[in-house]
1. Test each condition in (1) on the phi > 0 side of the Ramachandran plot; (2) in a strand (DSSP E or B) for G128 and report the one that comes out false.
2. Would you say D517 is of a type in the set (D, E, K, R), at pLDDT below 90 and surrounded by fewer than 17 Cβ atoms within 10 Å (Cβ to Cβ)?
3. Scan segment 115-130 residue by residue and report those that are hydrophobic (A, V, I, L, M, F, W, C) and either over 12 Å from P98 (Cβ atoms) or exposed (fewer than 14 other Cβ atoms within 10 Å of the Cβ) (or both).
4. What tally of residues in segment 170-184 results from selecting those that are touching a helix residue (DSSP H, G or I) at 6+ places or on another chain (Cβ under 7 Å) and modelled with pLDDT under 90?
5. Which ones in segment 400-456 are of a type in the set (D, E) and open to solvent by less than 80 Å² (accessible area, probe 1.4 Å)?
6. Scan K250, K229, K291, K219 and give me the residue that is at pLDDT below 80 and open to solvent by 100 Å² or more (accessible area, probe 1.4 Å).
7. Quick one: in segment 253-271, of everything that is closer than 26 Å to R283 by Cβ and either among the hydrophobic types (A, V, I, L, M, F, W, C) or surrounded by fewer than 10 Cβ atoms within 10 Å (Cβ to Cβ) (or both), which residue is farthest from the chain's Cα centre (by Cα)?
8. Quick one: which of I102, I108, I92 is touching a strand residue (DSSP E or B) at 6+ places or on another chain (Cβ under 8 Å), open to solvent by less than 60 Å² (accessible area, probe 1.4 Å), modelled with pLDDT under 90 and among the aliphatic types (A, V, I, L, M)?
Amino acid sequence: KGKRADELLIANAELVFQDAEKEKRASELIIANKELAFQNDEKGKRADESLIANAELVFQNAEKEKRKIENAELEALSKSLKQASQYARSLIEASLDPLVTISPEGKITDVNEASVIATGVPKEKLIGTDFSNYFTEPEKARDGYKKGFEKGFVSDYPLVIKHKNGKLTDVLYNASVYKDDKGNVLGVFAAARDVTAQKAERLILANKELVIQNKEKEKRASELSIANKKLVFQNEEKEKRAAELVIANKELVFQNDEKGKRASELLIANKELIFQNNEKEKRNIYIVQMKVVQEQNRLLTENLTIHNQQLANFAHISSHNLRSPVANLNTLFTMYKEDQSEEDKNDILEKFERVILHLTNTLNDLCESLIVSSDINKARELLSFEDILMKTMEILTGQVIETKAEITYDFSKAPHISYPHIYLESIFLNLLSNSIKYRAKERVPQIHFETDHVNGKIKLTAKDNGIGIDLKKHGDKLFGLHKVFHRNKDARGVGLYLTKTHVEAMGGSIMAESEVDKGITFELNF
């Protein structure tokens, strides 16, 4: 019993142990089942991922095929573009006319072989240099390509290309801008047509025409000589007829007994005499008409000569009066294109409007301003020197700002004047623009105006610190209408000629004092 009791205890302990093991196994089985379920879920996910991966692989293979097709098409397009570019380049190089592309800064970006031949400069040295350097008139060439950028094109623009060996070629340039795919202007493409042969042909034709005209003149002279000879002959014939008439009268008296016979002869002689008198009257009328025609031709020639001179003077003066406002518009336009605030741009636009208004008034008043009116008192008006100067500075705003000109004045002693405004505005405009134009490069231009009363007249003084002139050498040309003496090769005497004309029209006088590089002083008395 004791053994059985011990075995029973051991059996119970074993049973408890087995039950505990069973519970462990049950827990492990639950965990295993969860693990199996998780693995089944993971297998499902892997299967889905495998399907997605297969679809992605199919898509990537399709994309690879597309890329192969696109690459083939791109390679074909590139080859086509390359061939087109080579074809275009061959056409450009085949052109006998000089062709060139110009950047907005005026630099040469490409040329053809014809340009190299025209200038004598290798292509690699031409590219990157200033376009205007290869012409006899660089400023005119620069203006030409700038007009191309402003208008979008230039037609038949005349220039002369200079070869490095000195040879000159007359050309007509045609140019237009070219743009990128967004419409931005990249530069100007310009083509030059050699017109040297055409000029030579026109000269030959003109010479031939002159030869023909000279031959016609010689014919007219010969015809006139023949006509004069005929006239002399007719006069001699008339004298002979007169002598014959005297003889006939004597014979009529002598042959009274033969009156019947002589009467018929006398009637015939009278008819002849009437005919001769009629002829004489016709000749006299013809001579008078010829003299009238000759006098009319002489007067017409004189009038044409005077008229041509007046037209030449008018052209010089017109270009001078319009040059300053146009130059000012160009300066304002350059300032507007630069980086400016909106307020500054609006201010520049207002200046544009005022300068354009002045330009319109100048065109309307130009003819009046060129005529020295004998009835000038009717056009008098009371004007302020300060108002006139302010208006002139406004017209020249761009040039004043560009050169940083310092303009001072003292009109306290004589603030007003009574004369036509078109004369005084022209005087101030010419004096101020000349001081700015002929400034010294190393100095800021300084101009001072001052008025005073001297001997019952108003004295206006204008003094600057510009380049000055040698009055001993050029004083007699200072106020003339011709090309003058400044170091600026484009200088002309129109401004001071017009100033002197207006001052004298107002009954005044003008004189100047100057030394080279020490400025110039003008004294005007009204």
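The values are calculated or read from the model by the stated rules, or taken from the named source; none is laboratory data. What you see is a predicted model; the values in this text were computed from it and never measured. All Cβ positions, even for glycine, are placed from backbone atoms using ideal geometry, and neighbour counts span all protein chains on display. Please note that ligands, DNA and RNA were not included when accessible areas were found on the heavy atoms of the full protein model with its side chains. Shrake-Rupley method; radii C 1.70, N 1.55, O 1.52, S 1.80 Å.
1. Just one mismatch for G128, condition (2).
2. It is false that D517 is of a type in the set (D, E, K, R), at pLDDT below 90 and surrounded by fewer than 17 Cβ atoms within 10 Å (Cβ to Cβ).
3. At the first step, the residues of segment 115-130 found to be hydrophobic (A, V, I, L, M, F, W, C) are 116-118, 121, 126-127.
Those that are hydrophobic (A, V, I, L, M, F, W, C) and either over 12 Å from P98 (Cβ atoms) or exposed (fewer than 14 other Cβ atoms within 10 Å of the Cβ) (or both): I117, I127.
4. 0
5. Going residue by residue through segment 400-456, those that are of a type in the set (D, E) are 402, 406, 410, 425, 442, 450, 452.
Hits for segment 400-456 are D410, E425, E450, D452.
6. Values: K250 fails: at pLDDT below 80; K229 fails: at pLDDT below 80; K219 fails: at pLDDT below 80.
Step by step, each of K250, K229, K291, K219 is checked, and only K291 is at pLDDT below 80 and open to solvent by 100 Å² or more (accessible area, probe 1.4 Å).
7. Kept after step one, since they are closer than 26 Å to R283 by Cβ, are these residues of segment 253-271: 266-271.
Restricting the remaining residues to those that are either among the hydrophobic types (A, V, I, L, M, F, W, C) or surrounded by fewer than 10 Cβ atoms within 10 Å (Cβ to Cβ) (or both) gives 266-269.
Working: L266: 85, L267: 83, I268: 81, A269: 80 Å.
If we take residues in segment 253-271 being closer than 26 Å to R283 by Cβ and either among the hydrophobic types (A, V, I, L, M, F, W, C) or surrounded by fewer than 10 Cβ atoms within 10 Å (Cβ to Cβ) (or both), then L266 is farthest from the chain's Cα centre (by Cα).
8. On the way: I102 fails: modelled with pLDDT under 90; I108 fails: modelled with pLDDT under 90.
Within the list I102, I108, I92, the selection yields I92.
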